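The values are calculated or read from the model by the stated rules, or taken from the named source; none is laboratory data. Quantities reported herein were computed from a predicted structural model and do not represent experimental measurements. Every residue, glycine among them, receives a Cβ derived from its backbone with ideal geometry; neighbour counts consider all protein chains shown. To get the accessible areas, we keep the full protein, side chains included, count just its heavy atoms, and leave off ligands, DNA and RNA. Shrake-Rupley method; radii C 1.70, N 1.55, O 1.52, S 1.80 Å.
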Amino acid sequence: MDLLTIAVFGYPLILIGIGLWRSRQIKSHADFMVAGRNVPVALLVGTLICTWIGSGSLFGGAGLAYRTGIAELWFSFGAWAGLLVAFYLAPRVRAIAKYTVPDLLEQRYNAVARVLGTVAIILAYVTIAAYQFRGGGWILSIVTDGAISPETGMYITAATIVLFTAAAGMVSIVSVDLLNGIIITLGIIIGLPYLVLSNGGVGAIAAGLPEGHLTMLGGHNFLWVLGVAMPTFLLILGESGMYQKFFSAKDAGSARKAVVGMFIGVVFIETTLALMAIVGRAVFPELADPEQVSLVGRAASETVILYIAANGLPVIGGAILLAAAVAIVLSTGNTFLLVPSTNVSRDLYERFVDPDASEGMKLGVQRLCIVLFGGLGLVLLTQFDTVLSMALYAYSLVGASLTPALLAAFLWRRVTPQGGVACIAGGLGSIVGIAVLSRLGMNFTAMIGETPFDFASSDYIVIPGVIISLGLLIVVSLLTPPSPEEKWAPFFRKNPERL
């Protein structure tokens, strides 16, 4: 067994061991959901970074950078801009001290908003968790030279993530994510310089790239930029895992400090991953031809980081980079199974079915949902060709339904319960409706100038979704009576805690 295989199989065992050890601290359902609201800033920064840097970055973003070049950073830029807004919102979110995003939606709007928000989160987050399974399958297949098929690796990854998440919830996630963040950072710091220097330097790499790879638009136009940047911008501002981790912070000041650390970490890691993928385009151009890579078919370019680890770095560097890939897949998968299962156990079961349920019963419901959502994720994997398309659809679903209603809750006193519900329903209905109707044969292509744009595609579907949800939010709110002050006042506290 070589070092690469040891890294891929050994590192998860270390993480699982830490998670099981920390699981002994769980005394209640609240501990499982928000780790007892006692997470220090350093751990919060690590877990927030690892929540965001998932397979969407490792595979979808890296694959886009391989195919498009530096213009991929528009995909990442949306999240960076969103974090600047999150810096302003984080202390207010923590001061309200809820457990889930649907908690916030019901407090600001009504119970219908809670239910619709829960449905949107389940659909989007199970999809995001699912493509972590696919990424793990690729890792196992590459490191074993195909001895483990991508499909078998996918099932192994799914089982590992489900068991790890069900063991200790948020306690286990925040316990290992600081270590995960260190491994990820170390892997890319070692990998990028070595890859460049061992292949002739910057000049040689630039000469080996296709035309347009070093331009800011990469041959695309502004509407494409909007289509790839808007989903990440809207997702991070409606990202339930991030809000849930804000609720886990010691206080409002800790939540805001954690956003600063998250911003620095995310910008550095996403930029470095994109640059590594671009260098990989020059060093391994064969990944651009799907016919030459039977392992993953049309998604071959999305494995560029793994391919670099296995074939472009010395064994130590490759092992660290592969361990980083494992950390990314496991950490993100954990969070995106924990959040929707929390929504079911708290926002549906406890809220509407059994308000007096025991701690054990609520934990049991949540753990059962983690298992069920893992199985649903495997089914969803059959509906998409690439990680990027899965990511953009999921991001668009959250961005069009949840984010406008959440931002309005904190930024617009005039928004009403009717407006919030209409917004969530309109965003959810438009994204799902357009996707379903497109699969049934309806054409959503429009000519803008002389360029056709398919607004049912993953690149552009967020645009009609946001237009519909925002329009409903504003119009319905203005046509209905304003909410009383006690409804909106908690969302507009000044200096909610000492920062």
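Send over the per residue convex hull volume for the chain, Cα only, as a whole number of Å³. Provide the component values of the computation, followed by the final result.
Values: hull volume 69.4 nm³, N = 499.
Taking the convex hull of the Cα positions in the chain, it is 139 Å³ per residue.
So how do Trp21, Trp488, Trp74, Trp224 rank on accessible area, 1.4 Å probe, biggest first, that is with the largest at the start?
Numbers: Trp21 140, Trp488 45, Trp74 70, Trp224 10 Å².
Reading off the accessible areas and sorting them downward yields Trp21, Trp74, Trp488, Trp224.
Heavy-atom accessible area of Ile205 with all protein chains present, probe 1.4 Å, nearest 10 Å²?
Its heavy atoms expose roughly 10 Å² to the probe.
In whole Hz, what ³J(HN,Hα) sequence does segment 131-144 give by Karplus (6.51, -1.76, 1.60; θ = phi - 60°), x for Gly and Pro?
Here the 3J(HN,Hα) series is 6, 5, 4, 5, x, x, x, 4, 4, 5, 5, 5, 6, 9 Hz.
Could you sort Lys257, Lys487, Lys245 by accessible area so the largest value comes first, with the probe set to 1.4 Å?
Details: Lys257 125, Lys487 55, Lys245 0 Å².
Heavy-atom accessible area, descending, gives Lys257, Lys487, Lys245.
To the nearest 10 degrees, how steeply does helix 150-197 sit against the main Cα axis of the chain, on a 0 to 90 scale?
50 degrees
Could you state the angle between the C-alpha long axis of helix 3-22 and the longest principal axis of the C-alpha atoms of the chain, as a value from 0 to 90 degrees rounded to the nearest 10?
Between the helix axis and the principal axis of the chain, the angle is about 20 degrees.
Over the chain, give the accessible area per residue in Å² for a 1.4 Å probe, as an integer.
Values: 18110 Å² over 499 residues.
Per residue, the chain has an accessible area of 36 Å².
Pop out the ³J(HN,Hα) list for segment 121-126 in order, Karplus 6.51 cos²θ - 1.76 cosθ + 1.60 with θ = phi - 60°, rounded to Hz; leave Gly and Pro as x.
5, 4, 4, 6, 6, 5
Using a simple spin-label model with points 7 Å from Cα along the Cα→Cβ vector, what separation in nm is obtained for Asn443 and Phe352?
4.0 nm
Roughly how many percent of the accessible protein surface of the chain is carbon and sulfur, given a 1.4 Å probe and a whole-percent answer? Walk me through the numbers on the way to the answer.
Details: 12010 of 18110 Å².
That fraction is 66 percent.
Tell me, what HN-Hα J-couplings in whole Hz come from the Karplus equation 6.51 cos²θ - 1.76 cosθ + 1.60 at θ = phi - 60° for each residue of segment 211-216, using x for Gly and Pro?
4, x, 5, 10, 9, 5
Using only Cα atoms, tell me the angle between helix 73-96 and the longest principal axis of the chain; keep it within 0 to 90° and round to the nearest 10.
Tilt relative to the chain: about 30 degrees.
Out of segment 400-499, which GluC sites (Glu not before Pro) are coil in DSSP terms and have no more than 14 other C-beta atoms within 10 Å?
Working: sites: Glu450, Glu485, Glu486, Glu497; in loops: Glu450, Glu497.
Hits after loop and neighbour filter: Glu450.
Let me know the charge dipole size of the chain about its Cα centre in debye, to the nearest 20, where only the beta-carbon of Lys, Arg (+1) and Asp, Glu (-1) is charged.
1660 debye
Roughly how much of Leu217 is accessible, in Å² to the nearest 10, using a 1.4 Å probe?
The value for Leu217 is about 70 Å².
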